[in-house]
1. Going toward the positive end of the dipole of the protein assembly as shown, with +1 on Lys and Arg Cβ and -1 on Asp and Glu Cβ, which of A:137, A:274, B:58 do you reach last?
2. Mean residue ellipticity at 222 nm from the helices of the protein assembly as shown, using -39,500 (n - 2.57) per DSSP H segment of n ≥ 4 over the full residue count, to the nearest 500 deg cm²/dmol?
3. Can you pull a Stokes-Einstein diffusion coefficient for chain B at 25 °C (0.890 mPa s), Rh from Kirkwood over Cα pairs, as a whole number of µm²/s?
4. For residue B:226 and residue B:338, FRET efficiency with R0 = 25 Å and r from the beta-carbon atoms, rounded to 0.05?
5. Report the one residue of B:146, B:133, B:320 whose Cα lies farthest in the direction of the positive end of the charge dipole of segment B:123-367 (charges on C-beta: Lys and Arg +1, Asp and Glu -1; origin at the Cα centre).
6. Please compute the contact order of chain B in relative form: average sequence separation of alpha-carbon pairs under 8 Å and at least six residues apart, divided by the residue count, as a percent.
7. For an R0 of 45 angstrom, estimate the FRET efficiency from the Cβ-Cβ distance between residue B:276 and residue A:66 and round to the nearest 0.05.
8. Loop by DSSP (not H, G, I, E, B), at most 14 other beta-carbon atoms within 10 Å: where is the longest site-free stretch of chain B for trypsin sites (Lys or Arg not before Pro)?
Amino acid sequence: MTMDFSHTPARGRRRRFQSGVMFAICVGFTAFILLILALVVGYLVSIGLRSMNWAMFTQNPIPPGMKGYPGGMAHAIVGTTILVGLSSLVGLPVGLLTGIYLAEYDAMSRLATPVRFIADVLAGVPSIVVAILGYELLVVPLGHYNGWAGSLALAFIMIPIVARTTEEMLRLVPSSYREAAIALGATKARTILGIVLPAATGSVITGVMLAVARVAGETAPLLFTALGSRFFTVNPNEPFPSLTVQIFNYATGPYPAQKSEAWAAILLLIFLIFLLNLSVRYFTRQRR
Amino acid sequence: MSSSGKRLLQANEDQVDAAKSVANSEAGAVRLRQGGFNGDFVLSYAARASAIIVLLMLAVLMIVLFHSALPSIKLFGWRFLVTSDWRPNELDRPIVGADGKPVLDEDGAVQIETVPPSFGALPVIFGTIVSSSIALVCAVPLSFGAALFLVRIAPRALVGPVSFMIEFLAAVPSLAYGIWGLFVLCPFLQGHLEPLLKQVFSHIPGLSWMFYQRLESGRWVPIALTGRDMLAGGLVLGIMILPIITAVSRDVLRAVPRTQLEATVALGATWWESCVEMLKYSRSGLFGAVMLGLARAAGETMAVTMVIGNNSQIKASIFAAAQSMSSLLANEFAEATTDEHRAALIEVALILLIMSLAFNVVARSLVVGKTARSAAGH
């Protein structure tokens with residue numbers, strides 16, 4: 001690597017000019033990115049707000065041609081809540097405990113380093129591939145599409161994200177807290193449960209909720225596990241409705257009224273994610 | 001000290017007080033030493049067990065996929081990767097004789113032959129590679145520019161909000177980008193950009209082929225510009241991977257030692273020249289950031305499915321409808337009726353998994369330790 005910063009008047013002018021141009025390009029690129037992303041979000045917010053209505057939360061879908069068409073998304077909102085709830089039952093404990101292990105127990109051990117690496121890699125596995133796992137493990141044995149398989153796929157996606165988020169949040173707790181607790185004679189478990197976790201409660205909860213919200217926004221893992229349904233159900237043994245699959249079907253379908261339903265519903269998801277991002281920022285800012 | 005800092009200290013003291021009072025009480029002292037019902041033991045093993053579950057998850061995923069794809073792997077072998085005919089259903093077609101005319105039976109009716117289904121993954125592998133490449137070409141320069149902006153230019157007051165925007169956009173569901181692509185980008189491409197490009201490029205010799213496609217009969221016909229094509233898929237993917245590449249390369253650049261920067265400036269480097277040294281210094285981390293973007297682009301499903309046009313044939317033009325591995329799975333898996341079809345789809349998923357694992361492993365090993373703050377969760 002050669003660095004030639006030697007100076008002649010002409011060369012200096014050229015270099016300063018080049019530098020100025022590149023500076024402008026960097027600023028321009030950033031502005032361009034923000035502009036594109038603002039266009040995307042702005043568009044979704046504007047059409048979403050226009051189509052938002054109460055029926056979305058209170059009614060089930062009504063087919064075209066029937067009175068009250070297009071109805072609402074109540075079945076899908078309940079469906080997503082149940083799916084995410086079921087997957088949280090498995091995903092949250094495993095994810096949280098793994099996060100605690102990575103942050104609090106031998107953080108650099110022969111187990112922790114590969115676990116951290118695998119968790120990162122798992123977080124990058126395409127969600128459509130995870131759907132096949134759910135299909136093979138729970139749809140094939142049961143013989144039909146069902147909510148359990150959808151929850152399994154979601155839990156699989158949730159665990160690595162929750163684990164790494166929890167680890168990051170616990171690491172923000174100053175180590176003097178742990179030292180103080182241990183100096184006072186607390187056991188390891190007591191230190192973690194009584195001192196470290198309470199000190200990080202806010203950030204862990206919001207971080208984990210953000211992870212859960214991102215899972216709630218997943219569509220691909222549900223396509224051929226829970227499949228989706230136009231009917232209200234709370235029985236996970238049946239094909240199970242979810243907000244995202246419903247949005248996908250409506251948005252790609254032919255009916256304008258259903259498209260506006262999809263727009264309103266996607267805005268709901270975006271808004272949820274925005275709020276959670278905001279609160280994560282609030283909690284992590286105090287510590288950095 | 002800021003009020004939040006004070007609050008934190010206060011909380012700290014409260015907790016230490018709490019810990020003290022627990023330790024001081026006699027029962028508490030016993031509890032602390034013995035850990036009640038031996039909570040220490042329980043928590044430690046529960047945490048370790050969970051960590052091991054995470055390790056096993058990847059193994060289970062690989063084994064299940066491999067097992068289910070095995071019939072297809074056995075049946076098609078290597079041909080699966082290099083043949084370009086994806087036809088899940090039987091095809092009835094007239095038998096063509098040596099003279100190029102349909103063969104007739106005694107009654108004068110055209111004889112029909114039935115061609116068995118055929119599964120070749122090349123079109124979707126091609127679709128994934130091309131759409132991800134378009135995405136990278138669009139996103140990488142923009143993201144690096146924005147990362148340099150955040151690290152070297154932006155005033156402190158701006159770094160927070162811009163970083164927040166970028167992190168928020170990384171978390172927006174891909175369905176949202178798909179809807180935007182479907183209702184805004186595709187109509188724009190169809191109505192404005194593509195006709196314009198066609199007007200300009202179809203008169204340049206050597207480029208007009210981009211607007212024509214070859215039919216099975218060998219005839220060349222103009223491609224109907226629908227806006228739902230490879231280009232749309234690539235552009236939507238590009239927009240979706242902007243946040244992640246920007247965020248990771250920002251962290252990588254931020255970790256360049258200050259002395260490195262000061263040294264170049266002391267030698268008389270201009271702003272840009274010192275930036276170049278910075279980029280060179282962190283090139284492996286930046287490569288990791290690009291690989292992370294690539295991994296995400298290759299595995300992204302919903303947005304691509306909505307805009308790429310879903311046609312499982314290889315077309316040279318980016319203005320033709322295409323299909324990526326993930327969109328093929330999204331479109332066909334739930335409707336697959338034969339075991340053969342399903343196994344073939346699972347083999348596609350296995351290829352996708354291996355590809356994305358490779359990208360991720362390379363990326364993570366390059367990025368880990370190169371950033372001030374880990375890039376997890378993006």
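Each reported figure results from applying straightforward, stated rules to the coordinates on display, with no laboratory input. Computed from a prediction, not measured in an experiment: that's the story for all the values here. For neighbour counting, all protein chains shown are included, and Cβ atoms are generated from backbone atoms with ideal geometry for every residue, glycine included.
1. Towards the positive end, the residue furthest out is A:274.
2. Calculated mean residue ellipticity at 222 nm is -21500 deg cm²/dmol.
3. Translational diffusion coefficient: 97 µm²/s.
4. E between residue B:338 and residue B:226, to the nearest 0.05, is 0.25.
5. B:146
6. For chain B, the relative contact order is 22 percent.
7. Calculated transfer efficiency: 0.10.
8. B:1-218
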